[in-house]
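Written out below as structure tokens is the structure these notes cover.
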């Protein structure tokens with residue numbers, strides 16, 4: 001059973017099978033985690049672009065992921081928006097919602113640690129106009145675990161860029177959320193077919209647990 | 001009536017309205033057209049990744065668009081894949097389909113003219129690993145009309161990049177196609193909400209007709 | 001007489017003439033100005049990487065340029081470094097100088113106005129890891145006037161990127177500076193040969209004066 | 001003795017020492033080699049942009065490097081220009097030299113093997129408008145050995161980009177060449193100070209020899 005089973009008809013699935021899309025990828029040995037836009041403005045329905053129904057459950061799932069990632073010594077990156085409001089900064093976003101700076105504050109449950117970079121961005125992808133790419137190269141990363149909001153927006157744009165740069169991409173299903181149920185499910189389907197592996201959080205937690213350094217290594 | 005009306009429920013629409021997404025953008029004065037991957041491999045069902053059902057109607061719609069675009073002197077760009085097959089070139093695509101070089105030949109109905117660049121690419125976006133961006137800048141383009149296949153794949157990746165670079169983006173609905181009906185409709189919805197204007201082909205043809213240089217200008 | 005005349009021998013010049021490099025470009029109709037890294041750390045010799053001898057004269061020349069640029073309503077962008085000091089943020093810079101946050105403060109003589117973006121960057125080019133490119137596209141810029149420090153470092157990297165993206169590039173000679181006299185002169189030579197026009201500040205001021213909107217236009 | 005000793009005065013050196021630039025970097029464990037534009041048009045004086053005096057010696061040095069690199073199983077990439085001649089493709093290059101397609105043919109002494117990608121490019125950097133970056137990421141590269149022509153042009157632009165993406169960059173001094181002696185020396189100085197290690201070819205050959213797989217590994 002996949003989360004998209006009730007929206008993708010068999011006639012569509014047939015065409016993706018014919019193209020031999022889908023399947024599962026062997027994960028790499030050097031993962032990093034990126035947490036996309038888990039700020040008040042997206043997580044919480046009291047803000048125009050927010051959706052508590054999908055946002056808060058994602059917060060709790062990402063908490064579990066970060067705990068395991070920190071134990072394993074995996075590099076963790078956060079993104080959020082800029083607080084400026086000029087026309088060129090807003091660009092071509094088809095949204096008139098005026099950002100309140102608090103909308104760009106990451107929710108306290110997911111507060112970044114001092115050594116975890118928070119990258120400001122103005123567009124959809126976590127790579128666009130940021131230093132994420134060279135940070136990943138610096139750390140010799142081969143696998144990017146992508147989480148956050150929204151699935152069909154900034155998460156998907158980040159996944160497509162990471163895939164294009166030849167990273168193995170993993171999306172822990174419970175760790176992403178959207179403002180639309182159908183957009184969420186269909187983006188998960190599209191990404192799992194072509195660019196990434198959509199996996200249950202438990203599978204990703206196990207993968208990270210295997211990366212946990214031995215006690216000796218930790219103390220060094 | 002929008003093409004996505006039968007797949008996006010009212011409860012989702014409500015959230016997008018709350019965020020003030022959607023709406024229509026004023027188009028710019030210097031458009032260009034990009035035709036993404038209208039090659040045998042995507043257009044025609046005899047190839048693994050192809051879908052004649054959506055591909056050939058898109059061919060006919062793009063023919064009309066190109067005719068009008070050429071009359072208006074609008075720069076036109078094509079993309080298609082590379083014919084090499086190394087592991088690094090294939091990268092992280094989750095498809096095992098071995099490419100036959102003919103799959104990368106653009107269908108003859110849409111044959112590029114000698115002055116219309118054909119950009120080879122290995123990833124989803126027409127901007128990734130190509131010179132499309134600096135070509136647009138050279139011509140002072142402000143509006144990009146995106147067509148081709150597949151809607152949820154290379155078209156969408158191209159749209160997100162063009163939007164991110166601050167181009168006004170237009171998708172003539174009849175000029176794009178996919179291998180899945182639901183992926184097609186939901187990507188059109190997602191893009192129209194946030195990044196681009198999905199418009200009937202007739203509207204885009206009228207817009208191009210207004211750009212047609214006067215007889216005197218043409219003769220110069 | 002060119003500033004590089006005393007360092008580039010005739011035997012070298014002969015090879016550049018054979019390649020038909022050099023010459024002058026017609027400037028465009030939509031210029032923008034970028035002021036690269038005119039912060040305490042580069043302008044002033046009291047800091048490790050700074051050089052007052054070239055820095056402060058450049059400050060005074062840029063002041064004149066900005067005054068004229070603001071009269072002409074030309075978009076102006078500033079860059080400076082980030083204040084963080086992690087290993088990945090420092091990256092491969094071959095400098096051990098620990099940055100004092102004040103080193104990244106732009107000198108008060110060149111204080112940006114509220115509507116003039118200050119883009120933070122970690123690498124040499126003003127385009128790398130920043131939103132400069134999409135800001136230029138938003139404003140329909142065709143010509144980039146590059147100023148700041150250092151000529152052979154961040155200025156040159158910015159010039160090469162702007163050239164690569166197909167912008168016409170102008171370097172007002174008095175508005176750039178370096179920590180080495182020879183590096184400064186030879187970079188000006190290299191850039192003037194291949195990528196940009198190195199022009200006297202007066203020429204660039206005249207060019208901007210022609211762009212000044214008429215009184216009526218200003219009041220609108 | 002460094003190659004730039006006769007052009008960089010002590011007064012300049014003093015400023016670079018004050019900034020703690022220069023020094024030597026520890027090379028990484030996963031190198032790749034890029035051979036930039038070693039085509040007839042640059043290597044040989046019979047073409048407008050070419051310089052046999054520096055080009056042919058660089059050919060012989062690169063031959064030695066490639067032999068050792070192939071023994072060590074190091075990924076090797078080549079670049080050369082496109083053969084098209086449209087205005088947008090030519091872009092802002094300040095050279096009127098009309099390219100003869102043969103100018104873009106890599107000299108036979110350095111003929112790429114079938115599994116060594118030849119990346120076409122229109123601008124200075126080997127990364128600009130190409131897939132070099134994602135190829136490096138695919139192979140998990142941490143160190144890029146940059147060779148070819150010209151030192152102050154496409155080699156330097158490639159070095160600055162590789163450095164910016166956080167690769168350790170090495171330039172075997174004998175493996176690069178320019179059309180100007182001073183531009184060559186000063187670019188080597190600038191790059192060694194800030195972005196890369198300029199090393200004798202012998203040092204780089206030894207480094208590659210240490211990477212040579214054991215006999216058993218080779219036979220697999």
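Laboratory data are not the source of any read-out in this text; all were calculated from the coordinates shown. Source: prediction; values computed, not measured. Cβ coordinates were reconstructed from backbone atoms using ideal geometry, including for glycine residues, and neighbour counts include every protein chain displayed.
Quick look at the values:
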| item | result |
| --- | --- |
| Computed log₁₀ I(q)/I(0) - Debye formula, equal Cα scatterers, no solvent, region C:85-202, q 0.23 Å⁻¹ | -1.52 |
| Shape category assigned to region D:88-150 from the gyration tensor of Cα positions, a/c cut at 1.5 | oblate |
| Rounded to 5, percent antiparallel among DSSP beta bridges of chain C | 5 percent |
| Simple label model, 7 Å out from Cα along Cβ direction - residue A:14 to residue C:20, nm | 6.0 nm |
| Pairwise FRET efficiency - residue C:206 versus residue B:83, Cβ, R0 = 45 Å, nearest 0.05 | 0.30 |
| DSSP-defined antiparallel bridges as percent of all bridges, the protein assembly as shown, nearest 5 | 5 percent |
| Label point distance in nm, residue B:107-residue A:70, each placed 7 Å from Cα along Cα→Cβ | 5.5 nm |
| 222 nm mean residue ellipticity, helices alone, for chain C (DSSP H n ≥ 4; -39,500 (n - 2.57); rounded to 500) | -10500 deg cm²/dmol |
| Proxy reagent accessibility, fewest Cβ within 10 Å first, across D:34, A:59 | A:59, D:34 |
| Label 7 Å beyond Cα on the Cβ vector: residue D:109 copy-to-copy distances, nm | 5.1, 5.3, 6.6 |
| Residues C:1, D:191 arranged by fewest to most Cβ contacts within 10 Å | C:1, D:191 |
| Shape call, region D:126-176: gyration tensor on alpha carbons, a/c limit 1.5 | prolate |
| Residues residue A:1 and residue D:46, FRET efficiency given R0 of 60 Å [Cβ-Cβ distance, rounded to 0.05] | 0.30 |
| Gained length - residue A:100 relative to residue A:120, 0.36 nm times residue gap less alpha-carbon distance | 5.7 nm |
| Radius of gyration, Dmax [the protein assembly as shown; alpha carbons; angstrom] | 26.6, 81 |
| Extent along principal axes [Cα atoms of region A:16-168; Å; largest to smallest] | 42, 40, 31 |
| At 7 Å out from Cα toward Cβ: residue A:2 inter-copy label distances (nm, ascending) | 2.5, 5.6, 6.0 |
| Residue exposure sequence - B:56, D:40 - by fewest surrounding Cβ within 10 Å | B:56, D:40 |
| Share, in percent, of DSSP beta bridges within region D:1-125 that are antiparallel, nearest 5 | 10 percent |
| Label 7 Å beyond Cα on the Cβ vector: residue A:20 copy-to-copy distances, nm | 4.9, 4.9, 5.4 |
| Region B:163-207: proportion of alpha-carbon pairs further apart than 17 angstrom, % | 35 percent |
| Minimum Cβ-to-axis distance in chain C for the rotation onto chain D, with residue, whole Å | C:186, 2 |
| Where N is the number of residues in region B:146-220, Cα Rg divided by 2.2 N^0.38 Å | 1.27 |
| Debye log10 I(q)/I(0) for region A:1-52, one point scatterer per Cα, at q = 0.13, 0.17, 0.18, 0.23 Å⁻¹ | -0.69, -0.87, -0.87, -0.85 |
| Shape of region B:80-124, Cα gyration tensor, a/c cut at 1.5 | prolate |
